[in-house]
């Protein structure tokens, strides 16, 4: 996929912006706090309809304004489509080729990108929720159909937790009231587990290969999925049954905790390097390399599952990569692909090289 | 002047929060009402009062009606062996418009949603069970919405009804008729494929 042009209105520190990118490499230069990351964030927002660093939607809107939008024109194979995601006090809206989507979520993941950011270190080092978010983000990238299972699961979980929060209120009717949500949660939960297992087994191979490419070292990397309930390697129906059982075993504990204790929202991904757990035992350098490899694996997975090459967004990570990895990234953005890279200064490899160079200064962008 | 007078503010406040109406629309509607002749506003006010006074829930199916029982429940030509369960009265209208249903209805008054404090007790399940126990109904068609709450409600219902030996069916979800496959939204298309039927 190629992001041909980007249009912003009232997004963060950009009152108005329209720029055109090229296929291949795009380098975005600027001093700190000029709006480089905001620019990449807006592109991430176009794809995922949320930010990877702000939790509130209205933080994305320029101070003193009510409405903002991000619009992109995207080339997907030979076709061209426009996607516009708006933020207003009432919520989000999405338009695909000028048509307003019934629910904005249906346009999520239609445009695909993979974001590399300095925070990626926490994919390895951080707590389990970071890795679950990574998996959910990947599923969202697969497009609205595959992402529906995650949405269904979240919805059922929210409902079930609401029930557990004041379960006394239901008295004898509690079991009857819980039943449909146990069903809904297990059904969606099993689908999430199937999706995640598939993803991790594909990513394991990618990570193994790219870790070796980057470091030259032959250390075995393993990604393991550790569920919050016992489930064999079986089909969705069997996992669903196991989860349903685990839920009924946990019912007393769940009432005490007033929240759902079983399911993919409590699952964990273990990343092992040479047989050791990387979260506690790997060096910071190893963790950084691994997190980089996870992003590469994410890109490759989206590519192999959907046949679309995601746009690569690299936010200020160039300075942290050694030259070998930099070359690897630039190579990855070959023909039919695109990378947008931010940096505070021109990296040595790029001087006089191909690609378009932009300079960001106080919310305005110019082509060098 | 940064605020409207008290009675205008009061009007805006009362409009705001109606389904689909935010503060800005409320303000626009209020100012519009003030600009039209008073016959028009009287008519609107009278329409609201009269609808509220005359309309009640059907004592059998809980659809809205102006009598004790609604026209559909009164209609002797309807097939009383098939009963369709819906969330809201507007769903009855939608199904009636299709012209392809000749059975009777039961309006639950919503869907199970703990977030909104709606459990089975808040809906008209007990009344439904009472009707089913009379033994006339042979098929129960569940036509709750195809979202998380609607599906959970359908599941709950099918479990409650199973011991009665009544056939329980769920309306299909899938493609809009007369549309192009290419333009169907992906989630709907995915669902339609999942629930494909043999020819």
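Which members of segment A:53-80 meet the condition of being buried (at least 17 other Cβ atoms within 10 Å of the Cβ) and either closer than 28 Å to residue A:123 by Cα or in the same structural domain as residue A:144 (by TED's automatic domain parsing) (or both)?
Hits for segment A:53-80 are A:57, A:60, A:61, A:70.
Got at least one residue in segment A:81-90 being part of a loop (DSSP other than H, G, I, E, B), within 14 Å of chain B (Cβ to nearest Cβ) and surrounded by fewer than 20 Cβ atoms within 10 Å (Cβ to Cβ)?
yes
Provide a single number: the residues in segment A:226-244 that are part of a loop (DSSP other than H, G, I, E, B) and surrounded by 15 or more Cβ atoms within 10 Å (Cβ to Cβ).
4
Taking segment B:108-148 on its own, how many of its residues are over 26 Å from residue A:165 (Cα atoms) and either facing another protein chain (nearest Cβ under 10 Å) or part of a helix (DSSP H, G or I) (or both)?
So the answer is 7.
Here is a list of conditions, (1) closer than 26 Å to residue A:97 by Cβ; (2) touching a residue at least 40 places away in the same chain (Cβ under 8 Å); (3) assigned to a helix (DSSP H, G or I), and residue A:42 meets all of them except one; can you say which number that is?
Evaluating residue A:42 over (1) closer than 26 Å to residue A:97 by Cβ; (2) touching a residue at least 40 places away in the same chain (Cβ under 8 Å); (3) assigned to a helix (DSSP H, G or I) leaves (2) as the failure.
So, in segment B:149-195, exactly how many residues are surrounded by 10 or more Cβ atoms within 10 Å (Cβ to Cβ), assigned to a loop (DSSP other than H, G, I, E, B) and more than 9 Å from chain A (Cβ to nearest Cβ)?
Count: 10.
Kindly provide the set of residues from segment A:325-368 that are in contact with a helix residue (DSSP H, G or I) (Cβ under 9 Å, 6 or more places away or on another chain), modelled with pLDDT under 65 and either farther than 22 Å from residue A:20 by Cα or crowded, with 18+ Cβ neighbours inside 10 Å (or both), ordered by number.
Within segment A:325-368, A:328, A:329, A:330, A:349, A:350 meet the criteria.
Say we look at segment B:73-95 and pick out the residues that are surrounded by 13 or more Cβ atoms within 10 Å (Cβ to Cβ) and in a loop (DSSP other than H, G, I, E, B); which of these is nearest to the chain's Cα centre (by Cα)?
Top of the filtered list is B:88.
Taking segment A:18-38 only, how many residues are under 30 Å from residue A:78 (Cβ atoms) and either modelled with pLDDT under 95 or not assigned by TED's automatic domain parsing to the domain that holds residue A:76 (or both)?
Of the residues in that region, 7 qualify.
Checking residue A:223 against (1) without any contact (Cβ under 8 Å) to a residue 12 or more places away in the chain; (2) part of a strand (DSSP E or B), which single condition isn't satisfied?
(1)
Which residue pairs have Cβ atoms closer than 7 Å, lie 6 or more positions apart in sequence or on different chains, and pair a first residue in segment A:125-147 that is over 14 Å from residue A:305 (Cα atoms) with a second residue that is assigned to a loop (DSSP other than H, G, I, E, B)?
A:132/A:267
Under the condition of being assigned to a loop (DSSP other than H, G, I, E, B) and at pLDDT 90 or above, which residue from segment A:280-324 is surrounded by the fewest Cβ atoms within 10 Å (Cβ to Cβ)?
Selected residue: A:307.
The values are calculated or read from the model by the stated rules, or taken from the named source; none is laboratory data. Bear in mind the structure is a predicted one, so any value in this text is a computation, not a measurement. Every residue, glycine as well, gets a Cβ built from its backbone with ideal geometry; the counts of neighbours run over all protein chains shown.
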